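The values are calculated or read from the model by the stated rules, or taken from the named source; none is laboratory data. Keep in mind the model is a prediction, meaning the values are calculated, not measured. Don't worry about glycine lacking a Cβ; one is built from the backbone with ideal geometry, like all the others, and counts go over all protein chains shown. Just the protein is used for accessible areas: all its heavy atoms, side chains included, with ligands, DNA and RNA removed. Shrake-Rupley method; radii C 1.70, N 1.55, O 1.52, S 1.80 Å.
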Amino acid sequence: MTALSLFGWISLALALQAAIGLGIGFSRHWQRYRRLELAPAAVVAETPVAAAAWRATRKFRVARRVVEDQAASVCSFHLVPEDGQPLPPFHPGQFLTFDLDLPGGDTLVRCYSLSDAPQPDHYRVSIKRVPSGRSSNYFHDHVAVGSMLSLRAPGGHFYLEAGTAPLVLIAGGIGITPMLSMLNWSLTQQPEREVWLFHGVRNASEQVMREHLESQARQHANFHLHICHSDPLPDEVAGRDYHHAGRVSIDLLRLTLPLHAYQFYICGPGPMMASMVAGLEDWGVAGARIHFEAFGPASVKRRAPAAPAQEAGTDIQITFARTGMTATWRRSAGTLLEFAEQEGIPVDSSCRSGACGTCRTTITAGEVSYNQPPDYDPEPGTCLLCVCTPKTSVTLEA
Ligand SMILES: Cc1cc2nc3c(=O)[nH]c(=O)nc-3n(C[C@H](O)[C@H](O)[C@H](O)COP(=O)(O)OP(=O)(O)OC[C@H]3O[C@@H](n4cnc5c(N)ncnc54)[C@H](O)[C@@H]3O)c2cc1C
Ligand code: FES
């Protein structure tokens, strides 16, 4: 073999090797591209978010009403959008805000938790009749199938995150509504996740959606249902009508729950939430694992670092510009809403828990702080009087 032909064979072999390398590289690249293209959307999709929700209000028609308890004090309303457009999803645990026009011309703003997992065609809320309550009695007595209602988009920061940590849902009375949404979503979307539900009511007459809860517990071995009756009726039998006599308590949780790093979600009357949150903190549960929502004035005080004491001699002055009045605020006066009411300043309010935005007020000077981020996000330059206190002297447009 001459040197020339040897050089020719070597060149040919190198060219062949390069072609094979390029071919393999291209084929791998193509396969990776196909895998990405064909990957199901669920691989990249996250928990549903109400990001694409609407601005202001949207009209909904009541498609169905369902009485949910023996005492007929809780009624569910199924709501479908009148415009027929798609319904944005929401996080399980969030609420809707209703702008209500009452008979007689009064208007009211009220928040109601979504009481089911996100559904493609309707939202559901479940409302308890409150003695002399304007909104709840309006719903029970006047809102019928076919009624039209004005709704603001789902919102709120109390919601379930997708994850693997076992869940403990603790509900008192009508506080079951956001838990139903979380439970229904979790059992269908994360069927392996452990869920414990503790629901406290006085007796069977107040038990909401009992059949649904019991059938879910029968179907899902990872769902543990614990119903507590604090005042059982004479004919009620422990083990048949309820699991535990008494209120939901930390002692009950300690006796019942195997040791795990749970995520706790709590919703119920103020005193119950205050004692549960304090009890969990005493038990050593990290604050980041305790989530709660009040249906009224915030009564739970987190064990947060103490706020800087008001320095002696540095009075905080609150100026109500429209009313033309200035007064000295002290920590004992509470939130700026409570302070305004004590001073006789007319300010609108509704939920008194930072959820609905009714008490939103422009702040033209000074700074305020929130004990915890409110559900309603106030626009820059405004504050929610019902859940804020002043950090400095402030001027409010009120
Ligand atoms: C985020 C959030 C989610 C919620 N989710 C739900 C839910 O899923 N289901 C549900 O049923 N509720 C829920 N609520 C509570 C709901 O928004 C209302 O507060 C509730 O329905 C009572 O409203 P109402 O208009 O019927 O009562 P209101 O008219 O506001 O009255 C409430 C109570 O105060 C008393 N009262 C009113 N005015 C006076 C007065 N001047 N003097 C003395 N007493 C007075 C009434 O007698 C009544 O007992 C939620 C609240 C929030 C903030
Ligand atoms: S009253 Fe609802 S946010 Fe203040």
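Using the 1.4 Å probe convention, the accessible area of region 232-294 works out to 52 Å² per residue with neighbouring protein chains retained. Only protein atoms count toward the accessible area here, which uses a 1.4 Å probe; on region 52-155, the carbon and sulfur part of that area reaches 49 percent. Taking the DSSP beta bridges with both ends in region 167-293, the antiparallel portion is around 0 percent.
Most tightly packed first, judged by the mean number of other beta-carbon atoms within 10 Å of their residues, the peptides 357-365, 255-263 read 357-365, 255-263. Using the Cβ-Cβ distance between S150 and R65 with R0 set to 25 Å, the FRET efficiency from 1/(1 + (r/R0)^6) comes to roughly 0.85. Backbone geometry of region 157-171 corresponds, through the Karplus equation with coefficients 6.51, -1.76 and 1.60 at θ = phi - 60°, to 3J(HN,Hα) couplings of 9, 9, 8, 7, 9, 4, x, 10, 4, x, 9, 10, 9, 10, 10 Hz, x marking Gly and Pro. Spatial offset of region 248-269 relative to region 175-202 amounts to 13 Å, using the alpha carbon center of each. In the context of the full set of protein chains, region 101-215 has a per residue accessible area of 39 Å² (1.4 Å probe).
Heavy-atom accessible surface of region 316-396, averaged per residue, reaches 47 Å², computed with a 1.4 Å probe. Towards the positive end of the charge dipole of region 316-396, with charges on Cβ (+1 Lys, Arg; -1 Asp, Glu), say which of Y376, V394, C359 has the farthest Cα. So the residue we want is V394. Each of the peptides 204-210, 190-196 was scored by the mean count of other Cβ atoms within 10 Å over its residues; in descending order, highest first, they stand as 204-210, 190-196.
Highest mean packing first, where packing is the average number of other Cβ atoms within 10 Å per residue, the peptides 176-183, 288-295, 116-123, 61-68 line up as 176-183, 288-295, 116-123, 61-68.
On the protein heavy atoms, probe 1.4 angstrom, tell me the percent of accessible surface of region 316-396 carried by carbon and sulfur. Display every interim value, and only then the final one.
Values: 1790 of 3810 Å².
Here it works out to 47 percent.
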